Every structure is written in structure tokens, then in C-alpha cells.
Amino acid sequence: MNKYFTGILIGLSCLKIANAQVINTAAIDTSYAETDSKLSIHGFIDTYYNFDFNQPKSLETPYQVSSARHNELNINLAYADFRLHGENYRASFVPAFGTYMNANYAKEPQTLQNLLEANAGILLHKERKIWLDVGVLNSPITNESPVSKDQLLYSRSIGAEFSPYFVTGARLSIPIDNEWSSSFYVLNGWQQTIALNSDKSYALQFEYRPSKQLLVDFNVFYGNTQNANSRSDFRNRTFMDCYFIYENINKTLGLSGDVYLGFQQTKNAAGVEHQGRWYNANIQGKIAIDKAQSFAVRAEYFSDPDLMVANVNTGAAGFEVFGLTGSYQLKKYKNTAFKMELKSYQAKEAVFLNELSQPTKYCMQMVGNFAIWF
């Protein structure tokens with residue numbers, strides 16, 4: 001009997017079937033994965049120095065999450081970008097670190113605070129190129145992203161800082177024709193990895209690309225933003241934005257602009273329900289003076305009279321700000337960029353704090369950065 005079992009074990013140990021082998025499902029091991037996909041790996045490091053002339057005591061520049069530390073040499077955003085491309089599936093995993101992540105993900109659970117992007121997608125219709133992606137996704141809203149190398153200027157506008165840079169949920173991407181495409185989102189909320197309540201939020205995006213130089217984007221968001229745990233007065237939020245991005249063929253001229261309008265169901269000081277609102281408009285332009293150097297400017301206006309998204313700590317009843325930014329950019333070497341900016345904000349009410357911690361209507365910053373990517 002022992003010889004019989006010994007023979008079986010020896011036979012099984014020598015058995016090979018089409019180069020396959022049993023996977024130990026008790027172990028976390030993906031080394032045996034069979035794949036026809038391609039893996040691409042990229043990286044990005046954005047270092048900066050920001051001097052706020054109001055010299056905030058907290059060393060935090062107010063109303064922004066990008067390059068927000070005052071009088072400090074630091075890293076705004078550093079990430080490794082892993083992307084898997086298969087014939088019928090795709091995935092991205094982008095762990096990230098830096099002061100941007102600390103500021104923008106502060107309210108997220110600890111294990112999700114370092115995910116700039118993480119999602120998996122499957123091709124639902126090969127001929128129509130319809131994709132379904134689920135996870136932490138880049139936001140379709142506004143003309144600016146956290147990645148400075150892709151922006152006309154270094155810093156982002158206030159309107160973008162008060163809008164989602166990421167969303168979490170599912171995205172159904174449906175091309176319409178050679179110029180038009182659409183995406184439908186089912187989300188956990190406005191900008192959050194976990195849901196605040198049992199309701200889902202929804203977003204719809206239409207993208208128009210008449211040429212390789214021009215992109216026009218229209219987005220709509222609708223969802224319940226009430227926190228079920230704190231029972232806040234905030235309810236349904238409706239948001240619409242439209243932006244364009246243009247770059248000429250030889251990349252000597254770049255233009256971009258964005259307008260948006262948001263409505264928030266809430267209650268006023270008397271406890272009466274009403275619709276709060278906020279809105280934004282910005283226009284940006286960049287012109288190259290040679291192959292390595294360029295100048296850019298941005299004019300912006302942001303208004304939140306009902307304080308729906310702005311968190312003001314000076315006692316001001318509303319938030320209305322006009323901003324002007326000038327930028328110089330040097331790209332002397334491939335995959336590197338140096339930018340220097342001077343930006344100035346003037347508010348209708350005193351929504352900033354000066355170096356004496358007294359309310360003021362003005363804020364001026366000087367920001368410099370050096371970024372490298374591969």
C-alpha cells in the first residue's frame with residue numbers, strides 16, 4: 001500500500017500539462033499570472049517653494065491644496081504611475097505622496113489617502129470601444145489637474161481648488177463618433193473615496209475634439225452631499241461646468257478657459273431651506289518666446305456668496321475673489337520644467353489673514369517649482 005501511494009506522489013510531481021501549475025490560493029502571489037498585456041511605468045516629482053506675503057502663522061496658504069505650504073521647500077506631488085493595457089482590459093495604479101496629497105486627502109481613510117488613481121477597466125463592446133472602469137478615477141470637472149507639468153501655469157485657480165480633482169465610483173465611456181465622446185459616472189460623492197450617505201451621486205461628461213489642437217468639455221454633477229453621521233444641513237448638489245483647451249500645432253500658443261456654476265440645497269441662518277450657489281470663470285494663455293522659454297497669464301473670478309464650498313475663518317459673510325497670475329516657464333532639458341509665478345488676489349470682503357493675523361482683502365504669493373518626470 002505504501003509503495004502504491006509513493007508511486008502516485010512521484011507521478012504527480014512529474015506531471016506537466018501545457019506548462020500550467022497549481023496556484024497556491026492561500027498566498028498573495030501574482031507571479032503566475034498569464035497575460036497578453038503591456039505594463040507601462042512612469043513617474044513624476046514636483047518640488048516647490050511658496051512664499052505667501054501675508055505670512056500665515058499656520059504655514060498653510062488658505063483656500064488651496066496645491067503647493068499650499070508657506071515659506072517651505074517641499075514636494076507638492078510625487079507619484080509612480082503603473083498602467084496595464086490588455087486587449088479587453090486595462091488598469092492603473094498611481095500611489096502618490098506630497099503636500100497636495102496631505103491637503104486634498106486629509107478626510108479620507110488612511111489606507112486610501114495615497115491613491116492619486118487606482119482603477120480597473122473592462123472592454124464591454126470592442127467595435128464601439130465602450131469601456132467600464134471602476135475605482136479611484138481622475139475627475140472630469142474643470143480645466144486643471146493636480147499634475148503641474150500638464151498645466152499652462154504652475155499653480156491652479158481657486159475655482160479648481162474648490163472642485164473635485166478625483167472621484168470614486170464607476171465610469172462608462174461611450175464614443176459617439178470621431179469627434180464626440182461621452183462618459184457616465186456613478187459615484188460615492190463629490191470628492192471622496194468613501195460615501196457619506198447611502199445615496200449615490202451621478203456625473204455626465206460630453207467631450208468634443210474637432211481637431212488634435214482643440215478640446216471642449218461639458219460636465220454635469222448631481223448628488224446628495226449630506227453627511228449622515230453629522231446630519232448636516234447640506235443636501236442635493238447640482239454642478240455644471242464647461243471648459244476648452246487649445247494648443248496650436250507648433251505648441252507656441254496655448255489657451256484655456258473654464259466657467260462653472262454650482263447649486264447646493266441647504267438652510268439659512270433662520271433654518272429656512274434655500275438654494276445656495278457658487279460660480280467661477282477663468283481664462284489662461286501661454287506664449288512661447290523660444291523652444292525652451294514661455295510666459296503665461298491667468299485671470300480668474302470666483303464667487304461663493306453663500307459659503308457653500310469656501311471655508312472662511314475671518315467672519316466674512318461671503319467669498320468673492322478676483323485673481324491675476326503671471327508665470328515664467330523654462331524647459332531647458334527634456335522631461336523637466338522650471339516655473340516661477342507671482343499671483344495676486346483681491347477679495348470683496350476680508351477673507352484672508354495678514355502677518356498679524358488680522359483680516360485683509362489681499363493676498364500675494366510668489367511660487368517657484370522644479371518638476372521632473374519619466
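Express in nm, to one decimal, how much length is gained between residue 216 and residue 253 on full extension, taking 0.36 nm for each residue of separation and deducting their alpha carbon distance.
Stretched fully, the residue 216-residue 253 segment lengthens by 11.6 nm.
Could you work out the relative contact order of the chain? I mean the mean sequence separation of Cα pairs under 8 Å and 6+ apart, divided by the number of residues, in percent.
That works out to 13 percent.
On a 0 to 90° scale, report how tilted helix 2-14 is relative to the longest principal axis of the chain, with both axes built from alpha carbons and the result rounded to the nearest 10.
Helix 2-14 sits at roughly 50 degrees to that axis.
Which option, [x] 92, 58, 46; [y] 68, 41, 39; [z] 59, 50, 49, is the value of Cα extents along the principal axes in Å that was calculated from these coordinates?
Working out Cα extents along the principal axes in Å from the coordinates points to [x].
For residue 126, go through the lysines and keep the ones whose alpha-carbon is under 29 Å away, minus same-chain ones fewer than eight residues off.
Once the sequence-local lysines are set aside, what remains near residue 126 is 38, 200, 212.
Consider a paramagnetic label point 7 Å from the Cα of residue 126 along Cα→Cβ; state which residues of the stretch 78-92 have an amide N under 13 Å from it.
Under cut-off, by backbone N: 87-89.
Which residue, 309, 65, 259, has the most motion in a Gaussian network model of the chain that connects Cα atoms within less than 10 Å?
Maximum among the listed residues: 309.
Specify which residue in the list 326, 98, 249 is farthest towards the positive end of the charge dipole of the chain, using unit charges on the beta carbon of Lys, Arg (+1) and Asp, Glu (-1), about the Cα centre.
Working it through, the farthest residue towards the positive pole turns out to be 249.
Give me the extension gain from residue 111 to residue 360: residue separation times 0.36 nm, minus the current Cα-Cα distance, reported in nm with one decimal.
Full extension of this stretch gives 85.8 nm more.
Nearest 0.05, what FRET efficiency do residue 274 and residue 349 give at R0 = 22 Å with Cβ-Cβ as r?
Computed FRET efficiency for residue 274 and residue 349: 0.60.
Please identify the longest segment of the chain free of exposed GluC sites (Glu not before Pro), where exposed means a DSSP state other than H, G, I, E or B and no more than 14 other Cβ atoms within 10 Å.
By the stated rule (loop sites, at most 14 other Cβ atoms within 10 Å), 180-354.
Need one number: nm distance between label points at residue 80 and residue 242, each 7 Å from Cα along Cα→Cβ, rounded to one decimal.
Inter-label distance under the simple model: 4.4 nm.
Report the FRET efficiency, 1/(1 + (r/R0)^6), for residue 206 and residue 57, where r is their Cβ-Cβ distance and R0 is 35 Å, rounded to 0.05.
E(calc), rounded to 0.05, equals 0.20.
Throughout, read-outs are computed from the coordinates displayed, never taken from laboratory work. Just so you know, these numbers come straight off a predicted model, no measurement behind them. We place every Cβ from the backbone using ideal geometry, glycine too, and count neighbours over all the protein chains shown.
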